[in-house]
Amino acid sequence: MPEPNLSSPFYQSLQRALLLRNTTLSAICPNDDSVARRVLHDYGAMFVGSENILPPPLCVFSSEEQVSEFQDAAGVGSATIGDETIELQPAAMDALLKARAQAKTEGLDITPRDGAEAARRSYADTVRLWSSRFLPALDHWTNVGRLTAGEANRLRALPVHKQVPEVLELEKEGIFFSKDLSKSVLYSIAAPGTSQHIAMLAFDANEFLNARVREIMSEHGWFQTVLSDLPHFTFLGLTEEELPRRGLKPVEVNSKQFWIPDVG
Ligand SMILES: [Zn+2]
């Protein structure tokens, strides 16, 4: 695994943010943990957000207990949108409701995709979502002869946190685990214990294809920070002008703007 570039804009900003919280990079994301490091690069924007939000104390949670403790500390705001009750960190919820009110004045709406799961998720939710990709993909790759039945059984029997690094290794050989089996599973769902939804700083919106909705979200501190996850917005609680100083860089994909960690 290549060493992270600690002088890159993202790592500089992250180290400043961690210092303010009396923690360190190696404490939240051990250097020798390839999954944690990958997660930091793919979903790390939430660690450099506004001081009004609480980022997770770990890149990868490994139990429900750890997640509950963190979610209690962050505080939970809840709201009902349509028939669904969703939960987020209080500052994130406040901004989302303001964005939605603005959308309404323009004849638009902002609504949760796939119900309550659009916002807060538990550790168990992330494990279930992982298995919903992992198990069918194992069957597929066994059926087409890329994996032996014995290898698939071995992977199935592993504890979930040990399945993740094995999957990332297989993906290097083109054995992909996303829903359509064409790309990394991490572009499809988060590894167990790692989601921005666990941090209660993510919201999946039905209206993500609407350019004005995306603009309203960004005006309220909600940005797209995970490449390829189109319905997914991350609450950073910052203005767009502040993002480069936080070590995030703009990347345009299919005329949609993403703000991702600048780790180069
Ligand atoms: Zn999401």
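The values are calculated or read from the model by the stated rules, or taken from the named source; none is laboratory data. In this text, all values refer to a predicted model and were calculated from it rather than measured experimentally. A quick note on method: Cβ atoms are made from the backbone with ideal geometry, for glycine too, and the neighbour counts reach across all protein chains shown. Note: accessible area is taken over every heavy atom of the protein model, side chains too, but ligands, DNA and RNA are not part of it. Shrake-Rupley method; radii C 1.70, N 1.55, O 1.52, S 1.80 Å.
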* Within the stretch 182-229, count every residue that is at pLDDT below 95, part of a loop (DSSP other than H, G, I, E, B) and more than 11 Å from the ligand (Cβ to nearest atom). => 9
* Which one of the conditions (1) modelled with pLDDT of 95 or more; (2) open to solvent by 10 Å² or more (accessible area, probe 1.4 Å) does residue 125 fail to meet, given that it meets all the rest? -> (1)
* Asked: What is the one condition in (1) touching a strand residue (DSSP E or B) at 6+ places or on another chain (Cβ under 7 Å); (2) closer than 23 Å to residue 64 by Cβ that residue 96 does not satisfy?
  -> (2)
* Asked: If the Cβ limit is 6 Å and pairs must be 6+ apart or interchain, which residue in the stretch 213-233 that is open to solvent by 10 Å² or more (accessible area, probe 1.4 Å) pairs with which residue that is of a type in the set (Gly, Ala, Ser) and more than 10 Å from the ligand (Cβ to nearest atom)?
  -> 220/95; 220/99
* Name the pairs whose Cβ atoms lie under 7 Å apart, with the first residue in the stretch 111-128 and within 10 Å of residue 203 (Cα to Cα), the second assigned to a helix (DSSP H, G or I) and near the ligand (Cβ under 9 Å from one of its atoms), and 6 or more positions between them or separate chains? -> 112/118
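Please work out which residue is modelled with the highest pLDDT, limiting yourself to the stretch 14-52 and to residues that are of a type in the set (Ser, Thr, Tyr) and under 15 Å from residue 234 (Cβ atoms). Steps first, answer last, please.
If we filter the stretch 14-52 for residues that are of a type in the set (Ser, Thr, Tyr), which is where we start, we get 23-24, 26, 34, 43, 50.
Retained after the next criterion (residues that are under 15 Å from residue 234 (Cβ atoms)): 43, 50.
On the way: 43: 89, 50: 96.
Within the stretch 14-52, the match that is modelled with the highest pLDDT is 50.
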* Got a sec? Which helices (runs of 4 or more DSSP H) wholly within the stretch 8-83 have at least 3 residues that are over 16 Å from residue 119 (Cα atoms), open to solvent by 10 Å² or more (accessible area, probe 1.4 Å) and among the hydrophobic types (A, V, I, L, M, F, W, C)? -> 9-20
* Which one of these does residue 258 not meet: (1) surrounded by fewer than 23 Cβ atoms within 10 Å (Cβ to Cβ); (2) within 16 Å of the ligand (Cβ to nearest atom); (3) assigned to a loop (DSSP other than H, G, I, E, B); (4) among the hydrophobic types (A, V, I, L, M, F, W, C)? -> (3)
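Considering only the stretch 142-161, how many residues are in contact (Cβ under 8 Å) with a residue 24 or more places away in the chain, open to solvent by less than 60 Å² (accessible area, probe 1.4 Å) and closer than 21 Å to residue 192 by Cα?
The number of residues fulfilling the criteria is 1.
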* Structure fact -> Residue pairs qualifying under the 6 Å Cβ cut-off, at least six apart or on distinct chains, with the first in the stretch 169-186 being more than 16 Å from residue 145 (Cβ to Cβ) and open to solvent by 10 Å² or more (accessible area, probe 1.4 Å) and the second being assigned to a loop (DSSP other than H, G, I, E, B) and modelled with pLDDT under 95, are 171/184; 179/188
